[in-house]
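K.L.:
Below is a structure I'd like to ask you about.
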């Protein structure tokens with residue numbers, strides 16, 4: 001079973017093939033492969049489509065996070081910045097709502113705990129437990145991860161939006177780091193503590209804390225205010241024997257060592273983060289998930305796709321904790337024939 005394969009890989013045991021997962025937002029591809037529509041209003045058909053797709057790939061784990069039963073937008077002020085649409089036609093795109101924060105001073109006086117409330121950890125743990133067990137029942141053959149999405153930086157983005165977030169940090173980085181981040185950290189700690197009671201085999205800590213070119217803020221600011229908080233959060237999980245996989249969009253190559261030193265057991269990253277560096281430094285000690293480029297699947301030839309798969313495999317297949325994936329999603333504009341060729345190449349080169 002793929003879930004058992006995944007546990008071996010997360011324990012850094014060599015398997016006959018590299019590990020596998022994907023982040024696939026391509027309903028036409030799934031329907032082409034399985035004959036079932038993942039967007040069907042018939043929930044049984046939608047589940048059958050995904051289940052058969054996961055078996056066909058095959059998935060070893062499903063990337064999964066859960067921040068609780070109620071979104072922050074129902075509890076207090078948040079900012080909807082709009083979003084990239086991966087669905088056919090992009091018909092789910094929503095224009096940004098007006099930002100409820102009018103000045104940097106508003107942001108610098110913001111306490112996330114006062115705004116959104118501090119969750120009851122026991123009740124939150126019960127919610128997480130029921131959620132992951134129900135998810136696992138639907139897809140019994142793959143590993144379902146625990147996880148949290150709005151860890152610290154992503155929490156700030158969700159609440160303030162980019163403009164007010166950047167303006168407030170630029171106005172008073174010390175006040176923001178010491179006071180504003182503490183509220184988001186405390187909310188994260190409550191949720192991490194609840195997840196620790198559930199004891200999932202693996203946990204994804206998601207935090208989009210960099211851009212495509214690297215750090216958003218001065219690296220020293222991260223090392224003073226972000227990474228020490230990561231370490232405290234992850235210790236709560238690691239004390240329970242839970243594997244911690246850190247995930248961020250963008251390029252966090254300059255922070256790979258910091259993240260490892262905080263206690264992450266693995267890295268999930270896009271093609272922008274340097275796979276060569278991660279493998280050379282942590283290939284025998286950490287889980288590595290990624291990092292083929294969907295732009296090559298979208299615009300490249302079959303030769304380009306094969307070259308991209310070989311790049312990943314030649315670099316990381318020697319690592320016991322390597323899990324192959326397209327690091328920046330498979331969106332719905334990838335030609336189906338290109339996606340099929342990608343999967344064929346992964347099977348071909350993924351054998352050990």
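K.L.:
Taking every pair of alpha-carbon atoms in the range 198-270, what share in percent sits in each 10 Å bin, from 0 to the bin with the longest distance?
P.N.:
20, 55, 22, 3
K.L.:
Using Cα pairs under 8 angstrom and six or more residues apart, how large is the relative contact order of the range 240-296, in percent?
P.N.:
After rounding, I find 36 percent.
K.L.:
Given the options 314, 265, 111, state which has the largest fluctuation in a GNM of the chain using a 10 Å cut-off (strictly under) for Cα springs.
P.N.:
314
K.L.:
Taking 8 Å as the Cα distance limit and 6 or more residues as the minimum spacing, I'd like the relative contact order of the range 212-328 as a percentage.
P.N.:
Over the range 212-328, the number comes to 24 percent.
K.L.:
Further question: Rank 188, 64, 103 by mean-square fluctuation in a GNM of the chain with C-alpha springs under 10 angstrom and give only the top-ranked residue.
P.N.:
In the Gaussian network model the winner is 103.
K.L.:
Which order do 297, 108 fall in if you start with the one that has the fewest other Cβ atoms within 10 Å?
P.N.:
The most exposed by this proxy come first: 108, 297.
K.L.:
Please compute the length gained on full extension between residue 118 and residue 186, using 0.36 nm multiplied by the number of residues separating them and subtracting their Cα-Cα distance.
P.N.:
Result: 23.6 nm gained on full extension.
K.L.:
Related question: Give the peptides 277-285, 229-237 in descending order of average Cβ contacts within 10 Å, highest first.
P.N.:
Answer by packing, highest mean first, reads 229-237, 277-285.
K.L.:
Here is a further query. Fewest to most neighbouring Cβ within 10 Å: what's the order for 61, 192, 343?
P.N.:
343, 192, 61
K.L.:
For the peptides 194-206, 117-129, what is the packing order when you average, over each peptide's residues, the other Cβ atoms within 10 Å and list the highest mean first?
P.N.:
Listed from highest to lowest mean packing, they are 194-206, 117-129.
K.L.:
Then there's this: Based only on other Cβ atoms within 10 Å, what is the fewest-to-most ordering of 310, 317, 150?
P.N.:
310, 317, 150
K.L.:
Turning to a different aspect of this structure: Taking the Cβ-Cβ separation of residue 280 and residue 351 as r and a Förster radius of 22 Å, what is the calculated FRET efficiency to the nearest 0.05?
P.N.:
Efficiency, rounded to the nearest 0.05: 0.45.
K.L.:
In whole percent, what relative contact order does the chain give with Cα contacts below 8 Å and a gap of six or more residues?
P.N.:
Reported relative contact order: 22 percent.
Coordinate-derived values only; no laboratory data. Small disclaimer: the values here were computed from a predicted structure and weren't measured. Virtual Cβ from ideal backbone geometry, glycine too; neighbours counted across all protein chains shown.
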